[in-house]
Every structure is written in structure tokens, then in C-alpha cells.
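Structure first, commentary second.
The values are calculated or read from the model by the stated rules, or taken from the named source; none is laboratory data. Here the structure is a predicted model, which means the values were calculated and not measured. As a convention, Cβ positions derive from the backbone with ideal geometry for all residues, glycine included, and neighbour counts pool all protein chains shown.
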Amino acid sequence: MKASELRKLTDDELKEKLAELKKKLMNLRFQNAVGGLEKPSEIKATKKDIARILTILRERELSKAGGE
């Protein structure tokens, strides 16, 4: 998912997406440990998506704090 797409979402939607991606990452790690993961690159992509969401949430938090 691209950062520009994520920026269009509200904070609540981003938090829901974050929880969803963390669950997905946990499942991917479990599948990798068991040996049934077809695309190991999915783990890396999911981590990057999580980082993008956290970055956007932090930017918004800082802009709110700076505006007060």
C-alpha cells in the first residue's frame, strides 16, 4: 500500500489497518516457522506497511502538537 493512499485515511482507519497488518505479520511469521510460507518477501512488505502507518500517525501527532 502506498503512503499517498494511507494519508487519505482517518486516524481511526489507520489504527484499524495497523491492527490488521500486525495480525497478518504474526500469521506470516507462524507460517514461516512451520515451513508453509510460499512468499517470504510478504513478511518484509507487511513490515514496511506497518512502518508507513506508524510514520503517518506520528506525523499527524506532531503536527497537532505543533499547532497548539
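Within the range 1-17, residues that are outside any helix (DSSP H, G or I) reach no partner that is of a type in the set (Lys, Arg) with beta carbons closer than 6 Å at six or more positions or on different chains. Restricting attention to the range 38-68, and to residues there that are among the acidic types (Asp, Glu) and over 13 Å from Lys24 (Cα atoms), which single residue is farthest from the chain's Cα centre (by Cα)? It comes out as Glu68.
With respect to the stated conditions, Asp12 is exposed (fewer than 11 other Cβ atoms within 10 Å of the Cβ) and modelled with pLDDT of 95 or more.
Filtered by the rule that a residue be touching a Leu at 6+ places or on another chain (Cβ under 6 Å) and within 15 Å of Ala3 (Cα to Cα), the range 18-51 gives Thr46, Asp49, Ile50.
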